[in-house]
Structures are given as C-alpha cells and as structure tokens.
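Engineer: Please see the structure below; I have some questions.
The values are calculated or read from the model by the stated rules, or taken from the named source; none is laboratory data. Given the structure is predicted, the values throughout are model-derived calculations rather than measurements. Virtual Cβ from ideal backbone geometry, glycine too; neighbours counted across all protein chains shown. The area values use the complete protein model at the heavy-atom level, side chains included, leaving out ligands, DNA and RNA. Shrake-Rupley method; radii C 1.70, N 1.55, O 1.52, S 1.80 Å.
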Amino acid sequence: MLADYFGVIGFMVIAAGFSWLVDHSPLSRHTLSRRMDEHRKQWMQHMAGRSVRIMDSQIIAGLQNGIAFFASTALLGIGAAFTLITALDPVMTAVADVPFLDTTSRIQWEVMSLGLLVIYAYAFFKFGWAYRLVNYSAMLLGATPDIARDNDATPEALRGAYRAGAMNVVAGRQFNRGLRALFLSIGYLAWIAGPLAQIGVTLIVASLLLSRQFFSPALAALSAGDDAMGGVAMPATEDRGDEA
C-alpha cells in the first residue's frame, strides 16, 4: 500500500527537511529571510524617530495588499482542488491517452487530490494569519508615541517600535511559509506523472528555493551594504521562534 504513495512520502520528507534547514537549523541565520527580518526591525526603529509616518503606513498597506493577493490565489487553489476531487472521472478520461500519466487507480487520484487540497488550505491559513499580524503591526505602529520635529525618539517610542518590528517579523515568517507551500505544490502536482517525477520535481523546486535563500543576488545585494561600510556586520538578534 505504501509503495503506491512513496512519492507523497518523499514530498513530505523534502518539505520538512527544507523547512527545518531554512527556519531552525544553524544555517538559518544566514538566509535571505533572516537578513530581511533584521531590516524589518531597523525599519520600525527608524520609524520611531520620525515625526511624520505617512511613508510607514503606506509600506504597511503595500504589504497587506501583497498578502491579500496570495491569500486569494490560495483560495482559488482550494476551489480547483475541490473541483478536481468531485470531477475525477471526466478528468481521468480526458488524460487517459496522455503518455507517462497513470490513470489506473481512481483511489490514488482521490488521495493525491485531497493532499493538494490540504496544501492550498495550509497556504491560505498562513496568508490569512499573516494578513492579521500585519494589521496588528499597523496598530502597534499607530500606538507608537509621536515625537516633536528634530527631537530624538523617546524610550516609550523605541519600545513601541520594537513591538511593531517584532510583530512584523512574525507576520513575514508566516507569509514566507504560505508562499513556500505554493511553490512546493508545483512539485506535488508532478504526481500525475508518477512518484519518481513527484520526488524529482519537488527536489528541483526545493533546490531553487534554497539557492534563493543562500546564494541569490538579493542576498548579495544586502551584503553590498555591509561592504560599503567597510565590512561592518549587522548585529544578530536572538530568534525566539514564532507560531507554526
């Protein structure tokens, strides 16, 4: 029985290993996402020293719009997966003559389609929670005490900025996990070509995501700022984790 689903098992192992490597391993502190977490905090610290914060509120609105777009995309994926489950017979008949596609087991197609539904539902949950956390971040930004023009930020303003920055970091991590689920769903979709194809495509997608986290031009762009300052590194902060 398990032999029919070793592609799904391989997909789960790859996805879990990727998540551990990027989020919890000792190497996670060198990822693009972790470096951007530092910039999220710095953004809020600088916000505390500004008397006019229109730009900050506009950035928050842009983040909300981006999250809402991907949440609606995940919702469409849920509908498509549910439609696939309820209309398997015509779908299997339509692709029966396509080479390399196994349409002999209806039960296997049902299980695979249900797994796709779970992936998109997980992504939607993450995007929905990220959207709410960005709302909280906007509220914390609004709760940060104002300062007079040309004055330094007060301790109360800095504490409020730290809270807003920490909330924004958690929101960003939830968004990243939802986006990761969408990307990995491409590998999961390869099950229609067989278990080996599912594992192979998932490995390719995971490898591309890892290269973006550790070796991408975007990460090099962040390091370029350090080089311009004579190699001064950004201070590391303790990772206390976030909600799974």
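Engineer: Please calculate the 1.4 Å probe accessible area of T83, with all protein chains present, and give it to the nearest 10 Å².
Structural biologist: My reading of the accessible area for T83 is about 80 Å².
Engineer: Can I get the semi-axes of the range 104-224's equivalent ellipsoid? Compute them from the C-alpha gyration tensor as square roots of 5 times the eigenvalues, in angstrom, largest first.
Structural biologist: Ellipsoid half-lengths, sorted descending, are 42, 19, 7 Å.
Engineer: Largest first and to the nearest Å, give the Cα extent of the range 115-165 along each principal axis.
Structural biologist: 55, 14, 13
Engineer: Along the positive direction of the dipole of the range 9-163 (beta-carbon charges: Lys, Arg +1; Asp, Glu -1; about the Cα centre), which of V91, I59, S19 reaches farthest?
Structural biologist: I59
Engineer: Quick one: which of 190-196, 120-126 comes out on top by average Cβ neighbours within 10 Å, and what's the full order, highest first?
Structural biologist: 120-126, 190-196
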